[in-house]
Amino acid sequence: MINRKTVAVIGGGVSGLAAAKAFDERGHRVIGFERSHDFGGVWELSRSYPDVQTQSPKELYCYTDLPMPDDYPEWPKGPQVHKYLHSYADKHKLARLFQLNTNVASMDRRADGKPGWTLTLEAAGTTWTRDFDFVAVCTGQFSDKNIITHPGQEEFTSAGGAVIHSSEYTDSAMAEGKNVVVLGGSKSATDIAVNAAKNGAKSVTLVYREPVWRIPYFVGGINFKRLLYMRAQEQQFNSWGRSTLARVIAAVFKPLIWANFRGLEMLLKTQLRLKKWDMVPDVPIEKDISCSVPIVTPGLFEGFDDGTIKPVRGTIDHYEPGHAVLTNGDKVRCDLSVLAIGWKLGVPYLSQEYQDKLIEPDGQYRVYRLAVNPDLPDMGFVGFNSSFCTVLSAEMIANWLVRYCDGQLAHQPTDKEMRDNMEMMLNWRRNERPAAQIYGGLCSAPFHFKHFDELLSDIGAKKHKRSNPLAEQFSYPNAKAYGTYLASAPQYQVG
């Protein structure tokens, strides 16, 4: 008999909901903690900027047992995703498991010597501790704002200017009549630049360090999900753990693969007119594809054309009253500076002793299957496996993690296997595919199929591919199909 455990789930976003459901349906006692007043994580409405929408089509941004509604557009808006997450929580009665407005202040090994962790919790001015047998960390990669300051910022704000993080741009009226400077080159940066330009900003300047490959929703008229989400396309990238045979095949087909990617680059350069805007990246696209590659915001290049958005390569050097002065010497009028510079990666409530076991000096994470570390027993991560199909990725890893926790994987890894695998993955990221170091190495894109294959093999699924080999090779991951794959694995209940 497998003992029933008391499991903490930290975070109530996409990953936290997936983890709570996975552990609860196996019979564990789940207690979730969400520091905000609502479910949703990055999709919680008070954290979402206007017009935010998914980068992935709705078929790729859903749980296996709940498709997005038919009346949703192909790329749903933020409020629609938020509503969808609530519908998933309602379907599985997950609200009963969570304590909202509750913050995890710290996390340490249990003092009584038993397996598990002690969480220090805060809510409504009260602090208390509670012991757990297992902890699922589900705060993902977008939990704590990355905040920076520049010289002259105090004088700039004293003169009436404002500097905000992109997550604080929650109302289009904030840009009306303002000279807006958006710092960053991610999709959030371009989304906000387009929104400000369309909502009465006096001027909008997009300041970015380096050009990156951007993928439009339709590449040459073809939905990009039919180009970049295929197993056949994925196999053209240099993945980890390739066999000698796989390396030989890659060498034989290298000229064709090279031609394929040069053709894609040419198509993007032509369609987006990247040369005109000095936005042609220096890195070949096949070496750059990762979770950091943004989707083109509709209206971005049109804004460049009509002058409502001015792209400038560089960064902010300092502020002066009414201006942002850039590193290239430009002095840009600025009333509102929006820092679209992302989020801090980490687990701040985990003591430094354990953070040092988890994170390498160069910022790379030591995790097996992007989920566990043998030096941090009785805990795991859901949502660290960032990808282009985030919801499905979270659900897959949650189902793997509960079985790992219960010792019910068909292939339960040994300590040595985990350590050898972590070293192999670190070496691959550092020496074979540097783009994989993005987000601390916590990104499975563009290797969704390979990542899922490994998880399903560990779980013991009898099926992990579609019966039609052409559909499997030349179509994107199907969430409903992965639900049947998970159902083909051995099932069990605890307690």
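The values are calculated or read from the model by the stated rules, or taken from the named source; none is laboratory data. Because the structure is predicted, anything quoted here is derived from the model rather than measured. Here the Cβ is made from the backbone with ideal geometry for all residues, glycine too, and neighbour counts use every protein chain on show. Heads up: the accessible areas ignore ligands, DNA and RNA and are worked out on the full protein's heavy atoms, side chains in. Shrake-Rupley method; radii C 1.70, N 1.55, O 1.52, S 1.80 Å.
Being loosely packed, with under 13 Cβ neighbours inside 10 Å, free of Cβ contacts under 8 Å to residues at least 40 places away in the same chain, of a type in the set (Ser, Thr, Tyr) and more than 22 Å from GLY241 (Cα to Cα), is that true of even one residue in the stretch 455-468?
Yes - at least one qualifying residue is present in the stretch 455-468.
Got a sec? Which strands (runs of 3 or more DSSP E) wholly within the stretch 307-347 have at least 1 residues that are out of contact with any Phe, Trp or Tyr (no Cβ under 6 Å at 6 or more places or on another chain) and charged (D, E, K, R)?
310-313, 316-320, 331-333
Sort through ASP65, ASP51, ASP112, ASP108 and tell me the only one that's open to solvent by 30 Å² or more (accessible area, probe 1.4 Å), within 30 Å of PRO298 (Cβ to Cβ) and not small (Gly, Ala, Ser).
One residue alone meets the criteria, ASP51.
Under 7 Å between Cβ atoms, at least 6 apart or on separate chains: pull out the pairs that start in the stretch 304-320 with a residue that is within 11 Å of VAL181 (Cα to Cα) and in contact (Cβ under 8 Å) with a residue 60 or more places away in the chain and end on any residue that is assigned to a loop (DSSP other than H, G, I, E, B) and open to solvent by less than 70 Å² (accessible area, probe 1.4 Å).
Cβ pairs passing all conditions: PRO311/TRP277; VAL312/ASP330; ILE316/HIS150.
Identify, by number, the condition in (1) in a helix (DSSP H, G or I); (2) out of contact with any Cys (no Cβ under 9 Å at 6 or more places or on another chain); (3) over 28 Å from GLY495 (Cα atoms) that GLU395 doesn't meet.
(3)
Would you confirm, using the coordinates I've provided, whether ARG333 is under 29 Å from ILE222 (Cα atoms) and exposed (fewer than 15 other Cβ atoms within 10 Å of the Cβ)?
No, not satisfied.
GLU210 - would you say it is open to solvent by 40 Å² or more (accessible area, probe 1.4 Å) and among the acidic types (Asp, Glu)?
Considered against the rule, which asks whether it is open to solvent by 40 Å² or more (accessible area, probe 1.4 Å) and among the acidic types (Asp, Glu), GLU210 comes out as yes.
Only one of ARG262, ARG214, ARG273, ARG209 is closer than 25 Å to HIS451 by Cα and among the basic types (Lys, Arg). Can you tell me which?
Of ARG262, ARG214, ARG273, ARG209, the one residue that is closer than 25 Å to HIS451 by Cα and among the basic types (Lys, Arg) is ARG214.
Between a first residue in the stretch 212-228 that is farther than 17 Å from ALA189 by Cα and a second residue that is part of a strand (DSSP E or B) and open to solvent by less than 30 Å² (accessible area, probe 1.4 Å), which pairs have beta carbons less than 6 Å apart while being 6 or more apart in sequence or on different chains?
The qualifying pairs are PHE224/ILE215; LEU227/VAL219.
If you scan the stretch 374-392, which residues turn out to be assigned to a strand (DSSP E or B) and at pLDDT 95 or above?
MET379, GLY380, PHE381
One line per residue, one yes/no per condition, for (1) assigned to a loop (DSSP other than H, G, I, E, B); (2) open to solvent by 10 Å² or more (accessible area, probe 1.4 Å); (3) farther than 21 Å from ARG226 by Cα:
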{"residue": "ASP71", "(1), (2), (3)": "yes, yes, yes"}
{"residue": "TRP75", "(1), (2), (3)": "yes, yes, no"}
{"residue": "GLN80", "(1), (2), (3)": "no, yes, yes"}
{"residue": "LEU85", "(1), (2), (3)": "no, no, yes"}
{"residue": "ASP90", "(1), (2), (3)": "no, yes, yes"}
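Condition first: under 27 Å from PRO115 (Cβ atoms), at pLDDT 90 or above and either open to solvent by 30 Å² or more (accessible area, probe 1.4 Å) or within 25 Å of the chain's Cα centre (by Cα) (or both). Now tell me which residues in the stretch 130-150 satisfy that.
ARG130, ASP131, ASP133, PHE134, VAL135, ALA136, VAL137, CYS138, THR139
Condition first: of a type in the set (Val, Ile, Thr) and either under 25 Å from the mean Cα position of the chain (by Cα) or modelled with pLDDT under 90 (or both). Now tell me which residues in the stretch 245-273 satisfy that.
VAL248, ILE249 - these are the residues of the stretch 245-273 that are of a type in the set (Val, Ile, Thr) and either under 25 Å from the mean Cα position of the chain (by Cα) or modelled with pLDDT under 90 (or both).
Which condition number in (1) free of Cβ contacts under 8 Å to residues at least 60 places away in the same chain; (2) over 30 Å from GLU454 (Cα atoms); (3) open to solvent by 50 Å² or more (accessible area, probe 1.4 Å) is the one that PRO298 fails?
(1)
From (1) buried (at least 23 other Cβ atoms within 10 Å of the Cβ); (2) more than 17 Å from GLY483 (Cβ to Cβ); (3) among the β-branched types (Val, Ile, Thr), pick out the condition that doesn't hold for VAL42.
Condition (1) is where VAL42 drops out.
I need the full set of residues from the stretch 1-52 which are at positive phi and at pLDDT 95 or above, in order please.
Those that are at positive phi and at pLDDT 95 or above: GLY11, GLY27.
Under 8 Å by Cβ, and 6 or more places apart or on different chains, what pairs join a residue from the stretch 60-82 that is hydroxyl-bearing (Ser, Thr, Tyr) with one that is outside any helix (DSSP H, G or I)?
Between residues of the stretch 60-82 that are hydroxyl-bearing (Ser, Thr, Tyr) and residues that are outside any helix (DSSP H, G or I), the close pairs are TYR61/THR54; TYR61/MET68; TYR61/PRO76; TYR61/CYS389.
Over 30 Å from ASN103 (Cβ atoms), of a type outside the set (Phe, Trp, Tyr) and surrounded by 18 or more Cβ atoms within 10 Å (Cβ to Cβ), is that true of CYS405?
So CYS405 does not fit the description; no.
Might you let me know whether the stretch 26-35 holds any residue that is in contact with a strand residue (DSSP E or B) (Cβ under 7 Å, 6 or more places away or on another chain), under 13 Å from LEU85 (Cα atoms) and open to solvent by less than 10 Å² (accessible area, probe 1.4 Å)?
Scanning the stretch 26-35, I find no residue that is in contact with a strand residue (DSSP E or B) (Cβ under 7 Å, 6 or more places away or on another chain), under 13 Å from LEU85 (Cα atoms) and open to solvent by less than 10 Å² (accessible area, probe 1.4 Å), so the answer is no.
Among helices (runs of 4 or more DSSP H) lying entirely in the stretch 148-235, which contain 2 or more residues that are in contact with a helix residue (DSSP H, G or I) (Cβ under 6 Å, 6 or more places away or on another chain) and of a type in the set (A, V, I, L, M, F, W, C)?
By residue number, 187-198.
Of the residues VAL52, VAL30, only one is touching a Gly at 6+ places or on another chain (Cβ under 7 Å) and β-branched (Val, Ile, Thr); which?
So the residue among VAL52, VAL30 that is touching a Gly at 6+ places or on another chain (Cβ under 7 Å) and β-branched (Val, Ile, Thr) is VAL52.
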